[in-house]
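Here's the structure, in C-alpha cells; my notes come after.
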Amino acid sequence: MKKVSTRKISIIGIGIALNIIGAFIALNLKLPIYMDSIGTIMVSFLFGPLAGVVTGILGSLVSGVTFDIYSIYFAPVQITTGLFVGLLYRKGMLKGFRTIFGVFIITLFTSTASAIIAAFVFGGITSSGSSIIVTVLSNLGVNKVVSVFIVQYLTDYADKFLACVAVSAFLARVPYTLRQKIVNS
C-alpha cells in the first residue's frame, strides 16, 4: 500500500478549505453558481480522481455540518466531480481549448446528479442562489422539474468551467519544480 505524504494530506486539506470558503461565499451572496468544487478540481488535477472524491466528500460534510445542511445531500455531485475531473484531466481534456468540451462532459454527469437531488429530494428549492432562477422559470409556467434541470445544467457548466479555468491559471503560475514535487509526494 502506498504511503500518503504529509504534503499530499495538506494539499487535500487546502482543497477542502477552498470548497468550504467558496460555498460559503456563494451561499451568502446568493450567487447562481456554487463555488463549492474549486478545491475538488484542484486536488483532482494534482492527484487524480480518488483524492478529488475524498476532497469533495469531506468539503460537503464540513459545509453541511457548519452552515449549509443541503451540502451533505449534494455529496454525490462532489463524487462525480472529483471522479470525472481527475479522469478527464489525465486524458488532456481539461487543458487549453479542450476545456470547453471536457467541462461539458463533466457537466452531463454532475448536473444530472444535482438536478435529480434538487428536484426530487427538495422540490427544486435549495439554499443556492440558482433556486431563484428555478422559481422565476416556474412562475413563468415552466414545469418545476424541467426548470431545475435547465438551471442545473446551465449553472453547473458555468461553475465547473470557471473553476477549471481558475485552477489551471493558478497551477500555471506555480513553478514547474514545485508542482512536480507536490504531484509526486
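Annotations for the structure displayed:
- Segment 89-107 - residue that is among the aliphatic types (A, V, I, L, M) and outside any helix (DSSP H, G or I) and, of those, surrounded by the most Cβ atoms within 10 Å (Cβ to Cβ): Leu94
- Selection status of Val167, in contact (Cβ under 8 Å) with a residue 60 or more places away in the chain, buried (at least 17 other Cβ atoms within 10 Å of the Cβ) and assigned to a helix (DSSP H, G or I): yes
- Pairs meeting the criteria (first residue in segment 131-149 and among the charged types (D, E, K, R), second residue surrounded by 15 or more Cβ atoms within 10 Å (Cβ to Cβ), beta carbons under 6 Å, at least 6 apart or on different chains) are Lys144/Gly124; Lys144/Ser138.
- Test: residue in segment 75-88 that is among the aromatic types (Phe, Trp, Tyr), touching a helix residue (DSSP H, G or I) at 6+ places or on another chain (Cβ under 8 Å) and either at positive phi or in a helix (DSSP H, G or I) (or both): yes
- The residues of segment 132-145 that are closer than 17 Å to Ile117 by Cβ and either charged (D, E, K, R) or out of contact with any helix residue (DSSP H, G or I) (no Cβ under 8 Å at 6 or more places or on another chain) (or both) amount to a single one, Lys144.
- Applying the condition of being crowded, with 20+ Cβ neighbours inside 10 Å and over 11 Å from the mean Cα position of the chain (by Cα) to segment 71-88 and asking which residue is farthest from Leu108 (Cα to Cα) yields Ser71.
- Scanning segment 42-53 turns up one or more residues that are under 11 Å from the mean Cα position of the chain (by Cα) and in contact (Cβ under 8 Å) with a residue 40 or more places away in the chain.
- For segment 144-178, taking the residues that are farther than 14 Å from Tyr89 by Cα and of a type in the set (Phe, Trp, Tyr), the one that is farthest from the chain's Cα centre (by Cα) is identified as Tyr176.
Read-outs: derived from the displayed coordinates by stated rules, not from any lab. No experiment lies behind these values; they were computed from the predicted model shown. Glycine also receives a Cβ, built like all others from the backbone with ideal geometry; neighbour counts cover every protein chain displayed.
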